[in-house]
Amino acid sequence: MDSQSFMHFVEYELQAIAITWMVVMYTIKAVQLSRLPMPWEKEKPKGSGAKGILRSYGSIFMPWSVESSRKHMGRWIGFSLYHVGCLVAIVNTFTYTFTPGMMTPTVKIVFSALIAPAIFIGFIKFYNRLSRPELRHISTPDDYFSLLSLQLFFFTGIMALLLDTVFWRSSYYIITAAFLFYVPFSKISHYIYFFFARFLTGKRYGWRGIIPQK
Amino acid sequence: MDTREKVIQELDKRYNRLVGTSATNLCTHCGWCIESCHIFKATGNPEHSPVAKAEKVRRVLKRKHDWLSRLFPKWTGAKDLTESDLDEWIEAAFKNCTLCERCVINCPMGVETPQILATARGVLTAMGKSPEILNQLTDAAIAREENMEMMEGFFRKQIANLEKQVQERMNDSNARIPVSEEADILYVPLSGAHTMVPAALIFNAAKANWTMSLFEASNYGVFVADIPKAKKVVERVLKEAKKVKAKTLVVTECGHAYGVLKWEAPKWFGKQFDFEVKSLLEVMNDYIQEGKIVLDPSKNSEPVTYHDPCNIGRKGGIFEEPRNVIQASSKEYKEMTPSKVENFCCGGGSGMVACSEWTEDRLLYGTVKVEQIKKTNAKKVVTACDNCLHQIKELGEKNNLNISVSNVSEHLANALVFS
Amino acid sequence: MSTINIEKVLDLKGLLCPIPVVKISNAIKEIEPGNVIEATATDPGVMMDIPAWCASTGNELDSMEEAGGVITFRVKRLK
């Protein structure tokens with residue numbers, strides 16, 4: 001296989017297989033969860049379930065509304081930068097392949113600049129996990145591995161953007177595919193569960209008039 | 001069937017969508033919940049963080065329900081259950097968590113740690129390992145109905161004595177405590193007179209059409225997550241409400257009883273009840289707003305603060321009503337910080353007050369509450385839950401806070417002006 | 001005629017329910033079967049809670065009297 005067809009394979013076929021795999025796995029999980037019994041509220045509402053759900057999803061963007069982010073604004077900013085980095089690194093796997101015309105040198109630098117802080121935050125996360133006894137106590141190999149593999153994903157993403165060699169570009173796509181295969185099984189799948197959990201919690205709290213607070 | 005199989009079977013019975021969502025990969029072990037917990041803040045012990053407590057149960061659930069944990073348990077921290085795990089569950093679910101849900105509102109993901117630990121409580125009860133006294137109090141509540149012929153005599157004698165107190169305080173020989181008679185309002189008290197006399201004063205002053213329940217509102221079945229028994233405890237009151245043709249069931253100032261009768265029991269029975277369920281806090285507020293009672297705030301002249309019980313506030317949705325009542329009946333009100341949905345648990349919730357073997361731990365877990373109370377400079381703490389009332393009284397004595405503690409109705413009754 | 005052997009005397013005055021029940025539940029384990037705890041309490045709630053607790057735990061309420069706001073009761077350990 002020459003380098004051109006190899007690159008085509010890792011950017012198209014491999015990604016298609018990996019994404020299909022991930023979607024199938026998530027679908028199975030979603031079906032499994034939705035088949036579990038759910039004790040919905042029966043008493044008439046004191047507030048609004050819909051408002052509760054909106055607030056529940058929105059609170060992550062309203063750091064002043066929740067003590068754990070309000071009192072640790074630095075941590076919340078780090079959390080936000082990290083997830084922006086994740087989002088850009090994921091979006092880049094599509095834009096790089098499907099909209100090459102959009103990927104001007106300026107865009108590449110902007111994307112890299114948005115991913116780079118996530119690497120820095122990732123090291124802080126790793127350090128905290130090792131150094132804080134209450135975090136070390138609950139950390140599993142999956143926690144460390146997920147963190148380090150994301151670092152690798154970010155790093156190859158930046159290198160592919162800045163250098164654009166076959167080596168870095170193919171590394172980026174191979175790691176992306178490996179990631180897509182692994183994600184449904186690891187704690188990284190939290191971003192899918194988030195939508196279920198926030199819906200259920202928000203609906204109950206909203207229904208009972210607990211959130212949003214006046 | 002060995003212990004492990006039985007535990008898994010009991011876990012399966014309780015594995016619903018809420019537990020299932022929180023029990024696999026939703027938690028990223030980020031640690032944001034850690035400092036939200038009053039118990040971790042009091043001890044600093046890594047074992048006491050919400051995530052660490054949930055993890056003791058979650059690792060067993062993951063072993064069964066999470067794909068990766070089935071293949072490589074060590075990789076995800078999952079494990080097969082052992083006998084010693086159950087002892088750890090007792091510590092995590094009963095002793096070191098009051099199910100206050102403060103961690104839930106502080107979790108960026110919405111992990112419902114108390115749902116996981118309440119599941120563990122139910123399993124431990126099924127395995128005969130939950131605290132004996134909580135089970136005894138549940139059974140005693142059921143025995144009260146089963147032995148009603150004998151009990152009713154004791155109860156009516158007690159009420160007759162309390163009725164005299166009410167008449168003396170109101171200087172009105174017509175003031176009454178009707179018991180289980182036909183009425184619009186069925187008021188469900190606790191066993192203690194402090195939940196009967198003030199309420200009777202308020203209902204009489206407001207000229208309400210009310211009656212006192214033969215039963216107590218508290219439901220220890222919910223603390224041990226024994227839902228069949230908890231339903232039996234509720235059924236006694238449902239039958240009585242039907243008998244007296246009540247339009248409104250008013251629950252006394254008891255956190256878990258309000259949570260059960262207002263929100264949880266309709267789910268257990270699969271329907272909304274034929275009558276409205278209200279907290280006494282809401283009714284007192286209504287009477288003030290409607291001008292049905294007259295108050296003299298100068299009778300409560302000391303600075304007063306309010307402690308939001310978790311089951312009334314963060315889990316129940318009642319925040320403003322008690323504040324309105326207290327402010328209308330006091331000269332000086334001081335808000336606690338934080339309060340309302342972010343208030344800290346007093347440390348005595350979810351049955352801890354009744355578990356005498358953990359008294360020292362419980363008083364330690366009230367450390368944050370003690371600091372909160374001190375900062376208000378209030379001389380009186382008013383709350384709306386008997387567990388909180390017990391706990392804050394003991395905290396006050398142990399820490400020389402020089403405070404008085406009462407429930408909201410007692411505080412209001414003290415300011416009542418009888419015409 | 002049977003004799004009553006009071007092995008333990010408890011002062012539960014000023015305690016609110018369910019604490020009197022908790023104290024009796026703990027104390028009953030410390031006396032011999034057939035012996036009796038005598039207790040005094042002021043919360044009228046004990047007039048319901050103690051008989052109910054006795055009925056559900058298989059102990060015997062020997063007597064319960066109220067005078068001047070003080071309730072005196074005796075619980076016999078049966079097993």
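Read-outs throughout are calculated quantities, based only on the coordinates presented, and are distinct from any laboratory measurement. Not measured: the values here are computed from a predicted model. Note: ideal-geometry Cβ built from the backbone for every residue, glycine included; neighbour counts use all protein chains shown.
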Q: Express in nm, to one decimal, how much length is gained between B:Lys13 and B:Lys245 on full extension, taking 0.36 nm for each residue of separation and deducting their alpha carbon distance.
A: 79.9 nm
Q: Please give the per residue volume of the convex hull enclosing the alpha carbon atoms of the stretch B:134-288, rounded to a whole number of Å³.
A: 102
Q: Pop out the Kirkwood hydrodynamic radius of the stretch B:303-366 from its pairwise C-alpha distances, inverse of mean 1/r, in Å to one decimal.
A: 13.0
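Divide, for the stretch A:1-98, the radius of gyration over alpha carbons by 2.2 N^0.38 Å, where N is the residue count.
On the way: Rg = 20.7 Å, N = 98, 2.2 N^0.38 = 12.6 Å.
Cα Rg divided by the expected 2.2 N^0.38 Å: 1.65.
Please get the size of the charge dipole for the protein assembly as shown, origin at its Cα centre, with Cβ charges of +1 on Lys and Arg and -1 on Asp and Glu, quoted in debye to the nearest 20. Could you put the intermediate results ahead of the total?
Working: 86 positive and 76 negative charges, 352 e Å.
Computed charge dipole of the protein assembly as shown: roughly 1680 debye.
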Q | Euclidean distance of C-alpha centroids, the stretch B:180-207 and the stretch B:260-336, integer Å | A | 15
Q) What's the Kirkwood radius of chain C in Å, using all Cα pairs? A) 12.3
Q.
Using a Gaussian network model on chain B with a 10 Å cutoff between Cα atoms, which of B:Ser350, B:Ser301, B:Ser330 fluctuates the most?
A. B:Ser301
Q. Is the stretch B:1-66 best put as rounded, prolate or oblate by its Cα gyration tensor, with a ≥ b ≥ c the root eigenvalues, rounded for a/c under 1.5, and otherwise prolate when a/b is larger than b/c, oblate when not?
A. prolate
Q: Shielding by partners for B:180-187, please: the mean number of other protein chain Cβ atoms within 10 Å of each residue's Cβ.
A: 0
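What share of the DSSP beta bridges in the protein assembly as shown is antiparallel, in percent to the nearest 5? Walk me through the numbers on the way to the answer.
Working: 15 of 43 bridges.
Around 35 percent antiparallel, to the nearest 5.
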Q.
Starting from a Cα-only point model with no solvent, please compute log10 I(q)/I(0) by Debye for the stretch A:63-207 at q = 0.09, 0.17, 0.21 1/Å.
A. -0.34, -1.07, -1.36
Q: Pop a pseudo-label 7 angstrom from the Cα along the beta-carbon direction at both B:Leu364 and A:Arg132 and give the gap in nm to one decimal.
A: 2.2
Q. Relative to the longest principal axis of chain B, what angle (0 to 90°, nearest 10) does the C-alpha long axis of helix B:148-170 take?
A. 50
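In peptide B:213-223, how many Cβ atoms from other protein chains are near each Cβ within 10 Å, on average? Provide the component values of the computation, followed by the final result.
Numbers: counts 0, 1, 1, 6, 0, 2, 0, 1, 0, 0, 0.
Neighbouring Cβ atoms belonging to other protein chains average 1 per residue here.
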Q) Which of C:Asn26, C:Asn35, C:Asn59 moves most in a GNM of chain C, Cα contacts under 10 Å? A) C:Asn26
**Q.** As computed over the stretch A:53-122, the Cα convex hull volume per residue (Å³)
**A.** 105
(Q) For chain B, take the longest principal axis of its alpha carbons; what is the angle in degrees between that and the long axis of helix B:280-289, to the nearest 10 within 0 to 90? (A) 40
Q) When the Kirkwood radius is taken over all Cα pairs of the stretch A:27-67, what Stokes-Einstein diffusion coefficient follows at 4 °C and 1.567 mPa s, in µm²/s? A) 100
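Where a ≥ b ≥ c are the square roots of the eigenvalues of the C-alpha gyration tensor, would you call the stretch B:68-127 rounded, which needs a/c under 1.5, or, failing that, prolate if a/b is larger than b/c, or oblate?
Values: a/c = 2.42, a/b = 1.14, b/c = 2.12.
Verdict is oblate for the stretch B:68-127.
Need one number: convex hull volume per residue for the protein assembly as shown, Cα atoms only, in Å³.
Numbers: hull volume 119.5 nm³, N = 712.
Once divided by residue count, the hull of the protein assembly as shown is 168 Å³.
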Q. If you count, for every residue in A:37-45, the Cβ atoms of partner chains within 10 Å of its Cβ, what is the mean?
A. 6
**Q.** Translational diffusion coefficient (Stokes-Einstein; Kirkwood radius from C-alpha pairs) of the stretch B:3-129 at 4 °C, 1.567 mPa s, in µm²/s
**A.** 90
Q) Based on DSSP, what percent of beta bridges with both residues in chain B are antiparallel, to the nearest 5? A) 10
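Based on Cα coordinates alone, diagonalise the gyration tensor for the stretch B:170-231, multiply each eigenvalue by 5, take square roots, and list the semi-axes in whole Å, largest first. The partial results should precede the final answer.
Details: eigenvalues 157, 30, 13 Å².
Values for the stretch B:170-231, descending: 28, 12, 8 Å.
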Q) If we sort B:97-109, A:74-86 on the protection proxy, mean other Cβ atoms within 10 Å, highest first, what's the order? A) B:97-109, A:74-86
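Relative contact order of chain A, please, whole-number percent, based on alpha carbon pairs below 8 angstrom and at least 6 residues apart.
For chain A, the relative contact order is 40 percent.
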(Q) Just to confirm a number: summing +1 for Lys and Arg and -1 for Asp and Glu over residues other than B:Pro189 whose beta-carbon lies under 11 angstrom from that of B:Pro189, what do you get? (A) -3
Q) Which of the aspartates and glutamates could be linked to B:Lys64 by a straight reach, that is with a Cα gap under 15 Å, when you skip same-chain ones fewer than 8 residues away? A) B:Glu5, B:Glu10, B:Asp12, B:Glu55, B:Asp80
Q.
Need one number: % antiparallel among DSSP beta bridges in the stretch C:6-76, to the nearest 5.
A. 70
Q: Whole Å is fine, so just give me how far the alpha carbon centre of the stretch B:86-112 lies from that of the stretch A:79-128.
A: 35
Q: Please get the size of the charge dipole for the stretch B:134-288, origin at its Cα centre, with Cβ charges of +1 on Lys and Arg and -1 on Asp and Glu, quoted in debye to the nearest 20.
A: 180
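Going through the stretch B:127-234, which trypsin sites (Lys or Arg not before Pro) have at most 10 other Cβ atoms within 10 Å and a DSSP loop state?
Working: sites: B:Lys129, B:Arg144, B:Arg156, B:Lys157, B:Lys164, B:Arg169, B:Arg176, B:Lys207, B:Lys229, B:Lys231, B:Lys232; in loops: B:Lys129, B:Arg176, B:Lys207.
Here the trypsin sites (Lys or Arg not before Pro) that fit, given the DSSP loop and packing criteria, are B:Lys207.
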(Q) I'd like the orientation of helix B:367-376 relative to chain B: the angle between its Cα long axis and the longest Cα principal axis, in ° from 0 to 90, rounded to 10. (A) 40
Q: Could you tell me which of B:Val325, B:Val304, B:Tyr365 has its Cα farthest along the dipole of the stretch B:265-374 towards the positive end, charges placed at Cβ (Lys, Arg +1; Asp, Glu -1), taken about the Cα centre?
A: B:Tyr365
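Based on the Kirkwood radius over alpha-carbon pairs, what is the Stokes-Einstein translational diffusion coefficient of the stretch B:293-417 at 20 °C with 1.002 mPa s viscosity, in µm²/s? Please report the intermediate quantities before stating the final value.
Working: Rh = 14.5 Å.
After rounding, the answer is 148 µm²/s.
Arrange C:Met47, A:Met62 by Cβ neighbour counts within 10 Å, fewest through most, would you?
Final ranking by Cβ density, sparse to dense: A:Met62, C:Met47.
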Q.
Along its three principal axes, how long is chain B when you only count alpha carbons? Whole Å, largest extent first please.
A. 74, 49, 34
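Is there a quick way to get the dipole size of the stretch C:6-76? I mean about its Cα centre, with the Cβ of Lys and Arg at +1 and of Asp and Glu at -1; what is the value in debye to the nearest 20? Don't skip to the answer; put the middle values down first.
Working: 6 positive and 11 negative charges, 30 e Å.
Its charge dipole is roughly 140 debye.
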